[in-house]
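Notes follow once the structure below has been shown.
The values are calculated or read from the model by the stated rules, or taken from the named source; none is laboratory data. This structure is a prediction, so every number in the text was calculated from the model and none was measured. In this analysis, Cβ positions are derived from the backbone assuming ideal geometry, glycine residues included, and neighbour counts consider all displayed protein chains.
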Ligand SMILES: Nc1ncnc2c1ncn2[C@@H]1O[C@H](COP(=O)(O)OP(=O)(O)OP(=O)(O)O)[C@@H](O)[C@H]1O
Ligand SMILES: [Mg+2]
């Protein structure tokens, strides 16, 4: 089954008199387990697309389906439920909860999902080990480097065993070495867990990791990659 | 459990901006202290007022003829008690009773050659311990003595007004049961200032025997006044003294006017409390709203993780609760210390009492510490804090996740 399907999804931002068609009738299908890069110039609508896919926002028209379920009609609480269970987010800034340790940050989505104590511990520990941070569990975000924080964010995104992880320019604030380490980890976890990853990126090295590349310009897909896998 | 984690997060979030948190604690603690102090002061004032009235004027219990009306100070024999001594002896035999004595009241006019003024005449037994408080108020001369023939005790203020002093002779006219005025010449033996205007401004004291003879009341009395060892025995003694044809009144009934004034007073003071609570509430709302603004992006992250508005709201309300609980704890302790201190040492008002002449409670105010009130005030403080926090918490919960994520 398709992990996510956009059908003629349109998102219009209105500021005063000015209307911006950030997304202009886009149709796109992402299969389960795909590792996809979303590329395009600044302002082409990548972030907007991820927000629709992540149920953070609703399209003005068209539909967004997650696992075949139309999510455009859900209310705020139902969308929160969906995000909690099915979607992991990684942001450009290292979006950890500052008052929680690395371990607690990874554990938080599990708590919210009602996972039992024992399993929470196993899963959070395993994920932090998988991102190479077994020795940083009790560190608060401000006690970790940017690269470490982003790896915690990767672990946290994967903790609820989501259907897909949405990453908006995850390497933009990292140096080359840390950026590659993060990409290596995500590529590996994609294979191990079968979780689909979608990256919005400008970074050619990130694009190099992708199995499939979706190109955007002015809120539309650049032809030839609307459906199906590239490889 | 998720809730447990919310508490932890709320607690740690409070530690992030320690200075702001401490300032908020201080605001809550001081606000509560102020409210507790005011409450202690008001309770103390009203208690003192009531205590003074009971001590100097009404006693705990009075027995009067059923038909007696205080405002009329009637001297008609049917309005008086004719077996006052017998009643007094019955009451005195009760272990709860500390002092008991009959009193005869009359209205009269006190005059010198040039001045005159209307007064209430109280005929009292000079030997009775019941009138010790009045004896203590003696400022010049002596108390009534012996059978009190020809002696009169008047308020210092009254004496000043009439331009008389100890040893001077003064005229007193009273009505008798037939309404015919009886006049007599009396020697002022003493001047009193009890600090209680109801006594000092318009009262003169004769011995009971003297009052009975000038009014032609025989051995009748207007009332039998009783002081108890313990005010809490009032109802019990009132019940025990019930006699057909007589009314036995407890201190509540005797001080109905003061009691109602106290109740209205308390309602008025509640408005003052409310103002203080409101000030603290604004500070809390501000603190939390600032926290919400600062953490807008974090709220977006939490929302992205699937946290619901309700849960985000809960987190901020927990923060408010912690602030409120700890602030109130300090407030209770500080408030109790302050009220306790002033309940022992009093707040000295200098000679204001003499100047104003209206302070029934003397020149020092004593607070009253009512432990239950401490917790009642703290409870209300907490209710107010959590209630006003609903707004910032609701504001945080209502943030759209994308807008929250955009912030910065
Ligand atoms: N909240 C908003 N209000 C108004 N216009 C917006 C808003 N968010 C995005 N836009 C506009 O929508 C268009 C698409 O923006 P989007 O952020 O999706 O681009 P992007 O591809 O992610 O760009 P970048 O690579 O710079 O991050 C842009 O023209 C942008 O100005
Ligand atoms: Mg973007």
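Of the listed requirements (1) within 16 Å of ligand 2 (Cβ to nearest atom); (2) more than 10 Å from chain B (Cβ to nearest Cβ), residue A:54 misses just one: (2).
Looking only at the stretch A:111-136, which residues are more than 10 Å from chain B (Cβ to nearest Cβ) and buried (at least 21 other Cβ atoms within 10 Å of the Cβ)? Give the steps one after another, and end with the answer.
The first filter runs over the stretch A:111-136 and keeps only residues more than 10 Å from chain B (Cβ to nearest Cβ), leaving A:115-116, A:118-136.
Within the stretch A:111-136, A:124, A:127, A:128, A:131, A:133 qualify.
Name the strands (runs of 3 or more DSSP E) wholly inside the stretch A:29-124 in which the number of residues that are within 16 Å of ligand 1 (Cβ to nearest atom) and under 25 Å from residue A:204 (Cβ atoms) is 2 or more.
Working: elements: A:35-39, A:61-66, A:87-90.
Counting at least 2 such residues, we get A:35-39, A:87-90.
Residue-wise test of (1) assigned by TED's automatic domain parsing to the domain that holds residue B:38; (2) under 21 Å from residue B:19 (Cβ atoms).
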site	(1), (2)
B:252	no, no
B:264	yes, no
B:281	yes, yes
B:293	yes, yes
B:296	yes, yes
B:302	yes, no
B:310	yes, no
B:314	yes, no
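Selection of helices (runs of 4 or more DSSP H) fully inside the stretch B:218-315 by the criterion of at least 3 residues being within 14 Å of chain A (Cβ to nearest Cβ) returns B:296-304.
For the stretch A:57-77, taking the residues that are touching a helix residue (DSSP H, G or I) at 6+ places or on another chain (Cβ under 6 Å) and closer than 19 Å to residue A:14 by Cβ, the one that is farthest from ligand 2 (Cβ to nearest atom) is identified as A:59. Can you tell me which residue is nearest to the other protein chains (Cβ to nearest Cβ) among those in the stretch B:364-399 that are more than 29 Å from residue B:26 (Cα to Cα) and touching a helix residue (DSSP H, G or I) at 6+ places or on another chain (Cβ under 8 Å)? Among those residues, the one meeting the criterion is B:398.
Scanning the stretch A:182-213 for residues that are more than 14 Å from ligand 1 (Cβ to nearest atom), within 23 Å of residue A:52 (Cα to Cα) and touching a strand residue (DSSP E or B) at 6+ places or on another chain (Cβ under 8 Å) yields a count of 9. Considering the stretch B:1-13, the residues that are part of a helix (DSSP H, G or I) and more than 10 Å from residue A:99 (Cα to Cα) include one that is farthest from the other protein chains (Cβ to nearest Cβ), namely B:7. Of A:80, A:102, all but one fail to be more than 10 Å from chain B (Cβ to nearest Cβ) and within 24 Å of residue A:152 (Cα to Cα); the exception is A:102. I'd like to verify a number: residues in the stretch B:316-346 that are over 30 Å from residue A:113 (Cβ atoms) and within 14 Å of another protein chain (Cβ to nearest Cβ), how many? Total satisfying the criteria: 0. Residue count for the stretch A:1-46, restricted to those that are over 13 Å from residue A:215 (Cα atoms) and within 11 Å of ligand 2 (Cβ to nearest atom): 1.
Please state which one of B:101, B:74 is buried (at least 17 other Cβ atoms within 10 Å of the Cβ) and at pLDDT 90 or above.
Details: B:74 fails: at pLDDT 90 or above.
Result: B:101 is the single residue among B:101, B:74 that is buried (at least 17 other Cβ atoms within 10 Å of the Cβ) and at pLDDT 90 or above.
Checked against the criterion of being modelled with pLDDT of 90 or more and away from chain A (no Cβ under 14 Å), the candidates B:32, B:41, B:46, B:50 yield just one match: B:32.
Against the condition within 13 Å of ligand 1 (Cβ to nearest atom), more than 15 Å from residue A:220 (Cβ to Cβ), in contact with a strand residue (DSSP E or B) (Cβ under 6 Å, 6 or more places away or on another chain) and away from chain B (no Cβ under 13 Å), how does residue A:19 come out, does it pass? The answer is yes for residue A:19.
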